[in-house]
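All remarks here apply to the structure that follows.
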Amino acid sequence: MKSDSVKRSIVIVEDEVLLALDLEMIAEEVGYSVIGQAAKKSEAIATIDKGRPDLCLIDVHLLDGPTGVDVARHAVENTDALVVFVTANRAALPDDLAGAYGVIAKPYTVSGMREALAHLMKIINQEVDRADQTPIELRAAG
Amino acid sequence: MTDRRQKPTEGQIDNAKLAEQLLYSKHETGDPFAAAIRGTRMAMIVTDPRQEDNPIIFANDSFCRLTGYHHDELIGRNCRFLQGPETNPRDIAALNRAVEREEDVHVEIMNYRKDGTPFWNSLFISPVRNDDGEVVFFFGSQLDVSNKKQTEFALHSVNDELRETKTLLEQQIDDRTAELMRLLAQRSRLVNELDHRVKNNLQLISSLLGFELRNDLGEEARELVTRLHQRVDALGLAHRDQHNKDAIGYFRVDNFIRVLIGKILVQHEQWEREPRYALDQISLPIGKAAPLALALNEFVRALLGGVDSSPAGDNLLIISATTRNGRLLITISSRNLVRSACQDALDAVEPWTVKLLEKQLNAQIDFVDDDNSCGVVLTMPVNGTHDEER
């Protein structure tokens, strides 16, 4: 996928272990290196602060409640990470998306998620304009 | 205004004498006007503003009956003795002001009889002028309007009661509304929560199948799991746009078709990635989302798969959705499709798909075959019941 010697890194914030695992596999298939997973707010913030990922995928509902929004805001304000929500609960998101770049709606498909992650990597690598051809997963959700 | 204590002119003296003669006289005079005033049922008085403190100089019998005073007790006194503790100072002020300005006035004022009983007096006072324009008398007429006043007060109190009742009712309505709003919000939260759970579970099922596909499966098993995976994803896609706050209970067919076809085309690279769409904005009851999603998924995959081996020609897919006479028509066609390929595709579709279409959606599948393109059209009632079909 990506020929850069340095792999782009990702943190997955998701309380459903199986979904996190699935996301991790998809992300690796696309060419990301997975720094870590987190299932609750404090864990997520620590992982993001320590790992400084290029991309954060964040579910809204975590083990300690709807704290994904706080995690996203923290990542947006304190790191250079691109932040994207992955949620089945679009309604729980604030209008400004807490500064996040976009939303991938659950249930996503593997192909859709792959496409979205590949697109996000291009954005991180500054290979595309942000306005360019957003994949349908990101577009439909946004 | 002239000083009342100024010496009267000749003319004034003449007037006064005339009035005295007309009004004081206990004897019948030949003047029918004076007789009328004395005899009328309307209580009347005349006062003389040129005398100190504007005293009563005449009162008719009706006035005496109304107030309970004898003539002798009235003449020479200012009318204010009719006032009492419940008399409204504002009414008194209005009277005084009118007399001061030599104007007509009407007030409904609380007055008291000699025996102390109060009554509502509808009082008119008018200045009477001589030829020179000077006010020589004030003429007053009185009418007991206690009954009318009582009715008014009763109405007021009924009004007050109504107002209170209304306020009470409004309060109750407000309380009830607040309670309903609270329940509604609770219900919305619950629906939202359920919706969220359902989506998450669909995601989980999809992920579980995804795990299997990452294993080293035999070809047959891989095909099987892939098919299941695709079906679950089609269900998921149909579900994803539901519970949209703009149209609860409905899902957007056009949006769904666009997303589903997009997904399917990813796996059929010999077709143009972007079909030519002609999709009207169509909503269907949410109950139709799942069967329509499953059926469309089967048919489209069968159609596209049927020509996998013949990638020549025009690989553009043409997809339209429209409503006509209460029926929804979804057409999928291409110049690259031929009738036999479509027939093969339909034959290859699982029997349950056809059953799903017929039984649950009341739908039918037909061929479309014109000069340029070939394909299938799915027709179904928009509202689904036989009633609406007619």
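The values are calculated or read from the model by the stated rules, or taken from the named source; none is laboratory data. What you see is a predicted model, and the numbers here were worked out from it, not measured in a lab. Please note: Cβ atoms are built from the backbone with ideal geometry, for glycine as well, and neighbour counts cover all protein chains shown. Side chains included, ligands, DNA and RNA excluded: accessible areas come from the protein's heavy atoms. Shrake-Rupley method; radii C 1.70, N 1.55, O 1.52, S 1.80 Å.
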Exercise. Name the residues in the stretch A:75-89 that are acidic (Asp, Glu) and part of a helix (DSSP H, G or I), would you?
Worked result: A:77
Exercise. Condition test on residue A:121, is it among the aliphatic types (A, V, I, L, M), more than 22 Å from residue A:40 (Cα to Cα), within 14 Å of another protein chain (Cβ to nearest Cβ) and buried (at least 20 other Cβ atoms within 10 Å of the Cβ)?
Worked result: no
Exercise. Just to be sure, is residue B:290 surrounded by fewer than 20 Cβ atoms within 10 Å (Cβ to Cβ), in a helix (DSSP H, G or I) and more than 10 Å from chain A (Cβ to nearest Cβ)?
Worked result: yes
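If you check residue B:240 against the conditions, is it under 36 Å from the mean Cα position of the chain (by Cα), modelled with pLDDT under 90, within 28 Å of residue B:355 (Cα to Cα) and open to solvent by less than 40 Å² (accessible area, probe 1.4 Å)?
Answer is yes for this residue.
For residue A:60, state whether it is within 14 Å of chain B (Cβ to nearest Cβ), within 14 Å of the chain's Cα centre (by Cα) and either part of a loop (DSSP other than H, G, I, E, B) or modelled with pLDDT under 90 (or both). Walk me through how you get there before you give the answer.
On the way: within 14 Å of chain B (Cβ to nearest Cβ): yes; within 14 Å of the chain's Cα centre (by Cα): yes; either part of a loop (DSSP other than H, G, I, E, B) or modelled with pLDDT under 90 (or both): yes.
So residue A:60 fits the description; yes.
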Exercise. Quick check: is even one residue across the stretch B:204-213 over 30 Å from residue B:263 (Cα atoms), without any contact (Cβ under 8 Å) to a residue 40 or more places away in the chain and either open to solvent by 30 Å² or more (accessible area, probe 1.4 Å) or among the polar types (S, T, N, Q) (or both)?
Worked result: no
Exercise. Could you count how many residues in the stretch B:74-133 are more than 53 Å from the chain's Cα centre (by Cα), over 17 Å from residue B:56 (Cβ atoms) and of a type in the set (Gly, Ala, Ser)?
Worked result: 2
Seminar exercise, completed: residue B:222 fails exactly one of (1) more than 30 Å from residue B:111 (Cα to Cα); (2) exposed (fewer than 14 other Cβ atoms within 10 Å of the Cβ); (3) charged (D, E, K, R), namely (2)
Exercise. Can you pull out the residues in the stretch A:89-102 that are surrounded by fewer than 20 Cβ atoms within 10 Å (Cβ to Cβ) and within 14 Å of chain B (Cβ to nearest Cβ)?
Worked result: A:91, A:92, A:93, A:95
Seminar exercise, completed: Expected single match for part of a loop (DSSP other than H, G, I, E, B) and not assigned by TED's automatic domain parsing to the domain that holds residue B:277 among B:217, B:169 is B:217
Problem set entry | Any chance residue B:273 is open to solvent by 30 Å² or more (accessible area, probe 1.4 Å) and either in a loop (DSSP other than H, G, I, E, B) or touching a residue at least 24 places away in the same chain (Cβ under 8 Å) (or both) | yes
Exercise. Just checking, how many residues over the stretch A:1-33 are farther than 17 Å from residue A:119 by Cα and more than 14 Å from chain B (Cβ to nearest Cβ)?
Worked result: 3
Exercise. Given the conditions (1) over 29 Å from residue B:119 (Cα atoms); (2) modelled with pLDDT of 60 or more, and given that residue B:15 satisfies all but one, which numbered condition is not satisfied?
Worked result: (2)
Problem set entry | From B:217, B:169, B:143, residue being free of Cβ contacts under 8 Å to residues at least 12 places away in the same chain, among the aliphatic types (A, V, I, L, M) and open to solvent by 50 Å² or more (accessible area, probe 1.4 Å) | B:169
Exercise. Within the stretch A:1-41, can you find the residues that are hydroxyl-bearing (Ser, Thr, Tyr) and modelled with pLDDT of 95 or more?
Worked result: A:9, A:32, A:33
